[in-house]
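Chemist: Provided herewith is a single structure, encoded as structure tokens, for subsequent inquiry.
Derivation of every value follows stated rules applied to the coordinates shown; laboratory data play no part. Please read these numbers as outputs of a predicted model, since none were measured by experiment. All Cβ positions, even for glycine, are placed from backbone atoms using ideal geometry, and neighbour counts span all protein chains on display.
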Amino acid sequence: MLAEARPGDNQQEMARTARTPFMRLALWTTALTYALILVGSLVRASGAGLGCPDWPRCFGSWIPPMSVEALPPQFSVDQFNATRMWTEYLNRRLGVTVGFFILATVVSAWRHHRHEAHILWPTVAALLLTGYEGWLGGRVVAHELAPWIVTAHLVVAIVIVQLLLYATAYAWYRRPQASSGTSSAALPPEDAAHRRTLALTIAATIAVTYVQVALGTQVRGGVDDGLDAGVARAVVLSTVGWWDGAHRVLSLGVVSMTLLSLLVVWSRHTHELLVRRWTHIVVGLAVAQTLLGAGLAYVALQPAPQVLHLSLASLLMGAQLVQWLVVRWEAAPDA
Ligand code: HEM
């Protein structure tokens with residue numbers, strides 16, 4: 001029999017799912033950070049990384065030159081390409097905007113949650129890492145896109161997203177109207193033990209995916225080196241060496257660990273809506289990412305799927321963290 005809706009149910013549901021000002025800001029900041037990762041990968045795919053040959057200025061000034069005639073004498077005409085320069089310049093401005101949003105998120109965390117270490121400190125860490133990321137961006141330019149710096153740049157961006165998602169999820173589970181706490185201790189002991197095993201599996205998958213991302217950026221570095229040396233796109237992967245083989249093999253590790261968590265959820269947690277939903281999202285992203293990677297490796301290594309492969313990697317790692325937090329913090333489902 002269907003339960004009858006009672007007056008006030010609607011308001012209760014709205015209160016239960018309402019987001020606090022801190023959570024809204026943190027979510028906007030996370031979305032902007034993702035946009036920055038996307039623009040950053042577009043910059044790379046279009047070869048605009050050195051569109052501004054210096055840092056933090058662009059061709060020696062804060063507003064780039066409007067034409068080649070306006071170039072300061074220390075720069076050569078060969079270094080100037082208007083499209084690449086503006087793409088890279090916009091990327092840097094978006095980076096500054098994200099920096100301000102993260103600062104605003106820290107201020108909001110201080111105003112609303114200064115006594116909650118799990119909210120305040122992740123946002124402070126995200127701010128410090130954003131400063132470090134800006135400095136690393138400068139190193140990327142100074143070292144002409146050396147692969148290990150590009151790897152560090154991407155890994156730090158993913159850590160920033162995960163810190164913001166952690167603080168947001170914590171705030172969500174700490175709302176007075178939340179039906180769940182920030183621990184699964186309220187579950188019956190047997191269920192809590194299953195949750196712990198599942199959380200461990202997901203944490204291990206996250207660690208392996210970090211290694212996979214680092215390997216991927218090394219593959220990308222090898223691809224860029226090959227293309228710069230004049231190797232044809234169709235065969236450039238064969239010049240990358242063992243990084244490529246390791247990246248392909250480890251993708252089997254990421255996918256099988258993800259599928260293992262799916263099996264565990266299907267066998268023991270089918271009635272837990274959020275656990276199931278986030279596991280399905282993670283499985284979908286991991287499978288899509290693997291198919292896309294296979295397309296890059298065996299069909300065609302084209303710029304558009306290259307951008308998508310990197311963006312999906314960062315989305316996958318954000319979703320994995322949320323999946324892990326939901327498994328740890330979502331209390332037992334309503335009976
Ligand atoms: C869950 C699985 C995977 C993850 C998380 C992942 C992640 C990544 C990342 C982060 C990059 C660097 C992108 C960049 O810096 O622009 C990359 C590059 C690459 N990956 Fe994957 N990858 C996965 C699976 C695969 C698979 C299964 C293959 C092939 C069979 C593959 C082939 C490649 C290739 C060819 C590149 C270089 C692409 C380029 O030059 O832009 N990946 N991967």
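Chemist: With the radius of gyration and the Kirkwood radius both derived from the Cα set of the range 20-181, what is their ratio Rg to Rh?
Modeler: My calculation of the ratio gives 1.08.
Chemist: Please get the size of the charge dipole for the chain, origin at its Cα centre, with Cβ charges of +1 on Lys and Arg and -1 on Asp and Glu, quoted in debye to the nearest 20.
Modeler: About 600 debye.
Chemist: A follow-up question, please. Over the chain, what relative contact order in percent results from Cα pairs under 8 Å that are six or more residues apart?
Modeler: Numbers: 370 pairs, mean separation 70.2, N = 335.
Across the chain, relative contact order equals 21 percent.
Chemist: Give the relative contact order (percent, whole number) for the range 186-335; include only Cα pairs under 8 Å separated by 6+ residues. Each step should come with its number before you reach the end.
Modeler: Values: 124 pairs, mean separation 48.1, N = 150.
With pairs under 8 Å counted, the relative contact order is 32 percent.
Chemist: Further question on the same structure: Report Rg (one decimal) and Dmax (nearest whole number) for the chain, counting Cα atoms only, units Å.
Modeler: Taking only Cα atoms of the chain, I get Rg and Dmax of 22.6, 81 Å.
Chemist: To one decimal place, what orientation-averaged projected area in nm² is obtained for the convex hull of the Cα set of the range 161-285? The partial results should precede the final answer.
Modeler: On the way: hull surface 38.6 nm².
Averaging across all directions leaves 9.6 nm² for the Cα convex hull.
Chemist: Right, here's the next one. Just rank Thr83, Thr130, fewest to most, by other beta-carbon atoms within 10 angstrom.
Modeler: In increasing order of surrounding Cβ atoms, one gets Thr83, Thr130.
Chemist: Test of understanding: ordering Thr258, Thr151, Thr217, Thr197 by Cβ neighbours within 10 Å, fewest first, what list do you get?
Modeler: Thr197, Thr151, Thr217, Thr258
Chemist: Could you line up Asp228, Asp191 from fewest to most neighbouring Cβ atoms inside 10 Å?
Modeler: Listed from fewest to most nearby Cβ atoms, that is Asp228, Asp191.
Chemist: Per the Kirkwood formula on distinct C-alpha pairs, the Rh of the range 106-172 is how many angstrom? Display every interim value, and only then the final one.
Modeler: Working: mean 1/r = 0.0788 Å⁻¹.
Radius from the Kirkwood sum: 12.7 Å.
Chemist: Now, a different point. Looking only at trypsin sites (Lys or Arg not before Pro) in DSSP loops with at most 15 other Cβ atoms within 10 Å, what is the longest site-free stretch of the chain?
Modeler: Working: sites that count: Arg19, Arg57, Arg114.
Here the longest segment lacking exposed loop sites spans 115-335.
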